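> Take this structure, written in structure tokens, and hold onto it; I'll ask about it next.
The values are calculated or read from the model by the stated rules, or taken from the named source; none is laboratory data. What you are looking at is a predicted structure, and each value in this text was computed from that prediction instead of being measured. Using ideal geometry, Cβ is built from the backbone for each residue, glycine included, and neighbour counts are taken over all protein chains shown.
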Amino acid sequence: MSHARHVLITGAGMVGAHTARRLLDLGWRVTLLDREVPGEYLRSVLGPAAEYDTLEVDLTDSVAMAAALADLRPTDVVHTAALIAARAQRDVVETIEVNVSAPLRLAAWASSAGVSRFVAVSSWSVYDERQPAPITEDSPVCTRFDSYYVASKLAMEHLLSAFASRSGLATVALRPAVVYGHGPNLGGAVGSAVLEAQMLRAVRGLPVELPATVLSCTELVFVEDVAAAAVAALQADLDEVFSTCTVGSGELTTVEDLADTFRQLFPGVPVTIGPGAASSVVPPVPTMPTAGAQLRAHLGIGEPLRRNDGFARFADDLRAAASARTAM
């Protein structure tokens, strides 16, 4: 497939920005859309000399969205915008509008605009926590819900699947584990925001306290691995008009594991585990890690970074972003 393509990426947050950087490096034209484009953050990730277009529009405003996209003719779409975790739990109607209705409207527009591939970011949290074996795309998904976010992501997948079947729009739903990396945390990603806040403290040599409520046990995946999967999903040969892709590290992480990683990377920094603040949502506590070897082979992507290597890269990215801000 040709790389002379134009991608619309909705959501200029962590996954959207890092996906954009990879596609720019491949020679793609990139347009980033967000209700409020984080210009300084994008410059820190993409570089001050990067050439890309931006659009500021709220995807829940159907009239404004139609006007903003009227003359746009991308070949591909990557949809990353969403309300996450506690932010999604505040208002079920708003969560349905942002996490379900908006991506469906976008898919309908993409189909009418001749888009060849539609990649939507869902979540690994759609899988049932109680798994008999490592998680693959065929593992059981949730059937009972407490989280509006999880329910909305699975609803989005089902409706995109139906729309893909009816329209022929080739669609891939990515299911990443808890994503970490340098990001603006615009959509309410509690775990990602907590990790970045504590990493910033560690990089500055300040004491770190990891909250057990948010990070008791989970699977973490570095943002670059999610971006690599998004790019591969745009280019891979697909067997079905709709498919899912689980993106993880294959490694469960407890808060004690994470504390050990911080201590190894920042030997002079005091690292403790605290109770953390009460939250309106209880993060998933998986019993099995993801198993992605077969899918990675199909997509042509390498092994994901394990925790220590990923957090070392995370620290380097934060230092580079701080240096870039100082140079401006």
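> From the list Ser192, Ser216, exactly one residue is closer than 21 Å to Gly276 by Cβ, in contact (Cβ under 8 Å) with a residue 12 or more places away in the chain, surrounded by fewer than 22 Cβ atoms within 10 Å (Cβ to Cβ) and not charged (D, E, K, R). Which is it? Working first, answer last.
Values: Ser192 fails: surrounded by fewer than 22 Cβ atoms within 10 Å (Cβ to Cβ).
Just a single option satisfies the conditions, and that option is Ser216.
> Does Arg105 satisfy the condition of being at pLDDT below 95 and either of a type in the set (D, E, K, R) or closer than 21 Å to Leu215 by Cβ (or both)?
Numbers: at pLDDT below 95: no; either of a type in the set (D, E, K, R) or closer than 21 Å to Leu215 by Cβ (or both): yes.
So Arg105 does not fit the description; no.
> Can you say whether Glu251 is free of Cβ contacts under 8 Å to residues at least 40 places away in the same chain, under 30 Å from Val141 (Cα atoms) and surrounded by fewer than 19 Cβ atoms within 10 Å (Cβ to Cβ), as far as the supplied structure shows? Don't jump to the end; show me each part of the working.
Working: free of Cβ contacts under 8 Å to residues at least 40 places away in the same chain: no; under 30 Å from Val141 (Cα atoms): yes; surrounded by fewer than 19 Cβ atoms within 10 Å (Cβ to Cβ): yes.
It is false that Glu251 is free of Cβ contacts under 8 Å to residues at least 40 places away in the same chain, under 30 Å from Val141 (Cα atoms) and surrounded by fewer than 19 Cβ atoms within 10 Å (Cβ to Cβ).
One line per residue, one yes/no per condition, for (1) under 21 Å from Ser216 (Cα atoms); (2) in contact with a Cys (Cβ under 7 Å, 6 or more places away or on another chain):
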{"site": "Val115", "(1), (2)": "no, no"}
{"site": "Val119", "(1), (2)": "no, no"}
{"site": "Pro132", "(1), (2)": "yes, no"}
{"site": "His158", "(1), (2)": "no, no"}
{"site": "Ser165", "(1), (2)": "no, no"}
{"site": "Leu169", "(1), (2)": "no, no"}
{"site": "Leu174", "(1), (2)": "no, yes"}
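> A follow-up question, please. Does Arg87 satisfy being in contact with a Leu (Cβ under 8 Å, 6 or more places away or on another chain), of a type in the set (Lys, Arg) and buried (at least 20 other Cβ atoms within 10 Å of the Cβ)? Steps first, answer last, please.
Details: in contact with a Leu (Cβ under 8 Å, 6 or more places away or on another chain): no; of a type in the set (Lys, Arg): yes; buried (at least 20 other Cβ atoms within 10 Å of the Cβ): yes.
Taking the combined requirement at face value, the residue does not satisfy it.
> Going by the conditions given, is Val115 within 26 Å of Glu36 (Cβ to Cβ), surrounded by fewer than 21 Cβ atoms within 10 Å (Cβ to Cβ) and β-branched (Val, Ile, Thr)?
Values: within 26 Å of Glu36 (Cβ to Cβ): yes; surrounded by fewer than 21 Cβ atoms within 10 Å (Cβ to Cβ): no; β-branched (Val, Ile, Thr): yes.
Taking the combined requirement at face value, the residue does not satisfy it.
> If I ask for residues that are of a type outside the set (A, V, I, L, M), surrounded by 22 or more Cβ atoms within 10 Å (Cβ to Cβ) and more than 16 Å from the chain's Cα centre (by Cα), which ones from segment 150-171 would you list?
Hit for segment 150-171 is Thr171, nothing else.
> Another question about this same structure. Can you tell me which residue is surrounded by the fewest Cβ atoms within 10 Å (Cβ to Cβ) among those in segment 64-83 that are under 21 Å from Met156 (Cα atoms) and among the aliphatic types (A, V, I, L, M)? I'd like the intermediate steps shown before the answer.
Filtering segment 64-83 down to residues under 21 Å from Met156 (Cα atoms) leaves 65-66, 76-83.
Those left that are additionally among the aliphatic types (A, V, I, L, M): 65-66, 77-78, 81-83.
Working: Met65: 20, Ala66: 12, Val77: 26, Val78: 29, Ala81: 26, Ala82: 30, Leu83: 23.
Step by step, filter segment 64-83, then rank; the result is Ala66.
Matching residues to (1) over 22 Å from the mean Cα position of the chain (by Cα); (2) modelled with pLDDT under 95; (3) of a type in the set (Ser, Thr, Tyr); (4) farther than 28 Å from Ala151 by Cβ:
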position	(1), (2), (3), (4)
Leu8	no, no, no, no
Val30	no, no, no, yes
Asp53	no, no, no, yes
Asp61	yes, no, no, no
Leu72	yes, no, no, yes
Thr75	no, no, yes, yes
Ile84	no, yes, no, no
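> Here's another thing I want to ask about it. Can you confirm whether Pro304 is under 20 Å from the mean Cα position of the chain (by Cα), part of a loop (DSSP other than H, G, I, E, B), surrounded by 13 or more Cβ atoms within 10 Å (Cβ to Cβ) and at pLDDT below 90?
Working: under 20 Å from the mean Cα position of the chain (by Cα): yes; part of a loop (DSSP other than H, G, I, E, B): yes; surrounded by 13 or more Cβ atoms within 10 Å (Cβ to Cβ): yes; at pLDDT below 90: no.
Criteria not met by Pro304.
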